[in-house]
Amino acid sequence: MDYSELVRAVQEGDERTVSRLCSKVSEILKKYMIAETEASPEDAEDAVQKMFEYVIQKIRNGEIKRPKALLAYMLKGTKHAYYKSLRDSDLHELDEHQYRPVTGPGQLLKLIDEERKEVLEKCIRFLKAHYRALAGFLFDHPDAESEDIAEHFDISVNNAWTRKHRVIKQLRECAENHR
Amino acid sequence: MTEKEIIQEIDRYIRGELSGEEIDRLWMEFLKQPEYFKLFETDLHFRQIAKEYKEKGENPLGDAGSDSGTITSRYRLWIAAAAVMLIVAGTQWFLQDRNGQLAHFALTQIEVTQLAGVDIYRSSEDDHTAVEQQLGRALGYAYDGNDQLAIEAFEEVINLNPEAGKRMRVHLNLGILYYNSGEYREAAHHFEMAGDTEGDGVSTHITERASWFLGNTYLHLEEVDKAISKFEDVIAVNGRYHQQASNLLRLIRERDSEPAGS
């Protein structure tokens, strides 16, 4: 995604383009907040909105020019906006959140969407034959590492990565077609 | 980060193995390239589905799973699958617009004779044994029609970090194999890599070929502006594909000048 376009659009007052580009990244930023903090979907949305208000002003003031800097601002700024809103409401909660350990596997379960799961379950059955064997193996061994896949199929570890990557890509494309 | 590194980081992230800094770096990659975020989501959901089936002692794809359902539930599964396919096919038929016709202009398949073959063996400063053995293996699979094995073998060559001339030819061949498998996104990636390669051994003929195939790939992906740009590049070179690119460009422009719905 070309963030220099966002910088240009803000500087030129092209609100339509700004709105379009911000919408594109908002979903990812909300998921980041849900996965990496205790934010609810509503809190996450609120924090993202506040971040954009802050960042867009920074761009207008010429304080953010490079797209790479913009990405860092977006991530940190969203977290900052969330913690600021907590601080404004409950200091005790803020302390707990600031010292929360980094994400464990359980935290990411908050990103699971039941509807998406249903679509993927259907898509799994449409996998091409070559990928079904690997997917079948992963159903029996959900935590298998690439080394395990390589050993089972008698292929190199690199090939194991490649095959698994292609299974996931096939599933993603199928899920996109079923939206 | 390379694509491979991102995929590996996604795996580590889902396993809970990344530090806070690594997590933020990965999410920045997701912001830069939302496609990777979609892959992460798909991987996460797939693993959750797999874990749930494992807990139930079922496998929808393996022998262990085949006896888990009653005849009634299997019948319902086929009905559901057929319904989904009908809905998808019907939706595509009703929603087919002008862009859906673009793929008709593109090459259906790329002949295996277009693979960069014999000239790939020209001497270089590479490790002749590892790279050239793997190349030979990959080409053998490709000429025998074992496309999946050929793809894996060529990707192993990339991992061996060959010199530029070999690398561009391998990317060309991967593009061709993915194109013929209908995986146009992957094909586009490899044709782009072939065209962008710089260094010793780089061939303008291969660059032209990659541009021609890339233009056709963009037609399949319905990215008409990118396709036109590539065909114009091919025409400018005035090489082997000049006439074909000119003809195709004329057809696309004639189609664009027709009123919508005709």
Handout entry: Yes/no for A:Y82 being on the phi < 0 side of the Ramachandran plot, of a type outside the set (K, R) and either modelled with pLDDT of 90 or more or not in a helix (DSSP H, G or I) (or both)
Key = yes
Problem - Residue in the range A:147-160 that is nearest to A:E114 (Cα to Cα), counting only those that are out of contact with any Lys or Arg (no Cβ under 7 Å at 6 or more places or on another chain) and open to solvent by less than 60 Å² (accessible area, probe 1.4 Å) - result: A:A160
Completion exercise
Picked from the range B:176-190 (must be of a type in the set (D, E, K, R) and in a helix (DSSP H, G or I)), the residue farthest from the chain's Cα centre (by Cα) is B:R185
Problem - Qualifying position, being touching a residue at least 12 places away in the same chain (Cβ under 8 Å) and outside any helix (DSSP H, G or I), among A:I56, A:I34, A:I64 - result: A:I64
Practice task
Return only the number of the condition from (1) more than 16 Å from A:E121 (Cβ to Cβ); (2) open to solvent by less than 60 Å² (accessible area, probe 1.4 Å); (3) modelled with pLDDT of 90 or more that B:K38 does not satisfy.
Solution key: (2)
Completion exercise
With the first residue restricted to the range B:234-245 and required to be touching a residue at least 24 places away in the same chain (Cβ under 8 Å) and under 11 Å from B:R209 (Cα atoms), and the second required to be of a type in the set (S, T, Y) and open to solvent by less than 30 Å² (accessible area, probe 1.4 Å), Cβ contacts under 6 Å at 6 or more apart or on different chains are B:V234/B:S211; B:V234/B:Y241
Exercise for the section: Determine, yes or no, whether B:M193 is open to solvent by 30 Å² or more (accessible area, probe 1.4 Å), assigned to a helix (DSSP H, G or I) and out of contact with any strand residue (DSSP E or B) (no Cβ under 7 Å at 6 or more places or on another chain). Expected result: yes
Practice task
Kindly check whether there is at least one residue in the range A:45-64 that is within 28 Å of A:A175 (Cα to Cα) and modelled with pLDDT of 90 or more.
Solution key: yes
Exercise for the section: Of the conditions (1) at pLDDT 55 or above; (2) surrounded by fewer than 16 Cβ atoms within 10 Å (Cβ to Cβ), B:S68 clears all except one; give me its number. Expected result: (1)
Practice task
Within the range B:134-175, track down each residue that is open to solvent by 30 Å² or more (accessible area, probe 1.4 Å) and not in a helix (DSSP H, G or I).
Solution key: B:D144, B:G145, B:N146, B:L160, B:N161, B:E163
Exercise for the section: State which residue pairs qualify: first residue within 7 Å of chain A (Cβ to nearest Cβ) and inside the range B:12-32, second residue among the β-branched types (V, I, T) and exposed (fewer than 14 other Cβ atoms within 10 Å of the Cβ) in any location, beta carbons under 9 Å apart, and separation of 6 or more residues or different chains. Expected result: B:G16/A:V102; B:S19/A:V102; B:G20/A:V102; B:I23/A:V102
Handout entry: Any chance B:V202 is more than 17 Å from B:V112 (Cβ to Cβ) and hydrophobic (A, V, I, L, M, F, W, C)
Key = yes
Exercise for the section: Looking for whichever is without any contact (Cβ under 8 Å) to a residue 24 or more places away in the chain and closer than 27 Å to B:D144 by Cα here; the options are B:E192, B:E163. Which one fits? Expected result: B:E192
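The values are calculated or read from the model by the stated rules, or taken from the named source; none is laboratory data. Just so it is clear, the structure is predicted and the values come from calculations on it, not from any experiment. Glycine also receives a Cβ, built like all others from the backbone with ideal geometry; neighbour counts cover every protein chain displayed. Areas reflect the complete protein model, heavy atoms only, side chains present, ligands, DNA and RNA absent. Shrake-Rupley method; radii C 1.70, N 1.55, O 1.52, S 1.80 Å.
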